[in-house]
Amino acid sequence: MNNKAFAIKKVTLSSTAVSIIWEDGKKSVFHFLWLRDNCPTSFHPDTRMRIFNILSVSKDIYPMKIKKGNNSLIIHWSENNHISKYNLKWLRNHCYTNNNSHRTISKHIFWKNNLKSKLNLISFNYKEIIKYEKNFIKWLELLASYGVTIIKNSPTNSNSAFKLLNKIGHHRETFFGTPFEVVSIPKPNNQAYTSDTLSNHSDLPYYEYVPGYQFLHCLKNTAKGGNSTIVDGFSIANYIKKNEKEIFNILTNTEVKFKDNDYTQKSLRIFYSPIIKLNLEKNFDEIRINLGAMATLDINSNKMKRFYEAYRFFYSLLQNKKYLVKFRLSKGDLLCFDNRRVLHGRTSFDAHSGNRHLQGYYIEREEIISKLNYFNKTMI
Ligand code: OGA
Ligand code: ZN
């Protein structure tokens, strides 16, 4: 926005709100209670938390006097002899008349198998991210919009991906520990710890709050097989939304039972969730699917047949070559993806033909988003 956006052309009052016409021609309406609530004195200077109590004024509070100051708007309120001084740039940036839906505009870029030819677009060099803030931010932005990135040439000593996670924020702990060791072992407590094929899935769907991002750090990959697969669950959900309304309806409205009761656990984790979860704005919030962790279903009898049809349809698209991206992780690669959007898997491997060792970490979406907010802090 240019300077005209932050200069007032005209101020008018209605019985409930102050209207501003800005020099760039745009109009904003600010309600009295909103203005009083957001007086700069309402916030503690250090905690930046609101200290003003909304009940300390009546619902009928109104501006007795209003005038333009130097880059500011000054309001003398009808109650408590209070005067508020608003910075114009702040007011315009917080205008909720036109741009009240920043948060609801999805920044997701959907992809299909065409991502395979653009892997360089989402690939980064470890050192560049660690060293230069600009690259670190760009990487986080791409991670949030594509839901997947690959970082090349990272160090391969054990636990070394913590350095990158700590640069973002706190990791998410789970009963698998951090990092979890993705190797083929006897008596595994998860299918990931075998050499079997893993069809595309989200990890830990039996948690109420499924871990947001997953980082799979490849320390060794010399075994035969064990190639990686990913699909964009949002892209598939979007196709279904547009073309298969009945199926979309079932997948967004049927609560599916997920569970973990592996032999090492003294807990029985159960959670019910639809496979496609929408937020209030009907944007995609989460895809939750994992054949291995789906419990014995107890969906309403008159819905079961239709559910299985919808589930099979969705599951078949997760393996469909129109959507699937297949590649091989090399030593030093760090595959980062949104575990609540991008479904991941691998082909089976021959554990006796070489070594395959990945270390896995989880970190919440909010850690990534909060970091990005911090760097683009125009709206605080
Ligand atoms: C997992 C997983 C994929 C792989 O550990 O959750 O899906 O490539 N691993 O081994
Ligand atoms: Zn997994």
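FYI, it's all coordinate maths here, none of it is from the lab. Remember, predicted model here, so these are calculated numbers, not experimental data. Positions of Cβ are generated from backbone atoms using ideal geometry, with glycine treated the same way; all protein chains shown enter the neighbour counts.
For the chain, the antiparallel share of DSSP beta bridges with both residues in that region comes to about 95%. Taking the longest Cα principal axis of the chain as reference, the axis of helix 133-146 is set at about 70 degrees. Rounded to the nearest whole Hz, the Karplus-based 3J(HN,Hα) values (6.51 cos²θ - 1.76 cosθ + 1.60, θ = phi - 60°) of the stretch 343-360 follow the sequence 8, 10, x, 7, 7, 5, 9, 9, 5, 8, 8, x, 10, 10, 9, 10, 10, x, with x at glycine and proline. Straight-line cross-link reach from Lys257 at under 12 Å between alpha-carbon atoms covers these aspartates and glutamates, not counting any fewer than eight positions away in the same chain: Glu208, Asp298. When the pairs Lys107/Lys303; Lys187/Lys321; Lys138/Lys321; Lys241/Lys303; Lys118/Lys321 are compared against a 25 Å limit on Cα-Cα distance, Lys107/Lys303; Lys187/Lys321; Lys138/Lys321 fall above it. The distance linking the stretch 206-283 with the stretch 302-327 is 12 Å (Cα centroid to Cα centroid, whole angstrom). Around the amide H of Asp285, modelled in the peptide plane, lie the amide H atoms of Lys277, Leu278, Asn279, all under 5 Å away and 5 or more residues distant in sequence or on another chain. The charge dipole of the chain, taken about the Cα centre with unit charges on the Cβ atoms of Lys, Arg (+1) and Asp, Glu (-1), comes to about 1160 debye, rounded to the nearest 20. Taking a quarter of the surface of the Cα convex hull of the stretch 120-222 gives a mean projected area of 7.8 nm².
Projected over every direction and averaged, the convex hull enclosing the alpha-carbon atoms of the stretch 27-79 yields 4.5 nm². Measuring between alpha carbons in the structure, the pairs from Lys167/Lys220; Lys112/Lys277; Lys127/Lys163; Lys152/Lys220; Lys282/Lys326; Lys152/Lys277 lying more than 22 angstrom apart are Lys167/Lys220; Lys282/Lys326; Lys152/Lys277.
Ranked for footprinting exposure by Cβ neighbours inside 10 Å, fewest first, Val210, Val256 give Val256, Val210. Phi-derived couplings, Karplus 6.51 cos²θ - 1.76 cosθ + 1.60 at θ = phi - 60°, listed residue by residue for the stretch 11-26: 10, 9, 10, 10, 6, 10, 8, 9, 10, 10, 9, 8, 4, 8, x, 6 Hz, with x used for Gly and Pro.
Over 33 Å apart: what share of the alpha carbon pairs of the chain falls there, rounded to a whole percent? Summing the P(r) of the chain above 33 Å gives 45 percent of all pairs. Size descriptor for the stretch 256-338, Kirkwood hydrodynamic radius: 15.7 Å (Cα pairs only, one decimal).
Across the stretch 68-87, the residues whose backbone nitrogen lies under 15 Å from the label position 7 Å along the beta-carbon direction of His94 are 72-75, 83-87. With n ≥ 4 as the cut-off for DSSP H runs, can you work out [θ] at 222 nm for the chain, using -39500 (n - 2.57) per run divided by the number of residues, rounded to the nearest 500? Roughly -6500 deg cm²/dmol at 222 nm, from the helical runs in the chain. Put in order of Cβ neighbour count within 10 Å, fewest first, the listed residues Tyr272, Tyr132 become Tyr132, Tyr272.
Placing unit charges on each Cβ (+1 for Lys and Arg, -1 for Asp and Glu) gives the chain a dipole about its Cα centre, and among His171, Pro274, Pro63 the Cα reaching farthest toward its positive end belongs to Pro63. Fewest-first ordering of His357, His31 by other beta carbons within 10 Å of each residue's beta carbon gives His31, His357.
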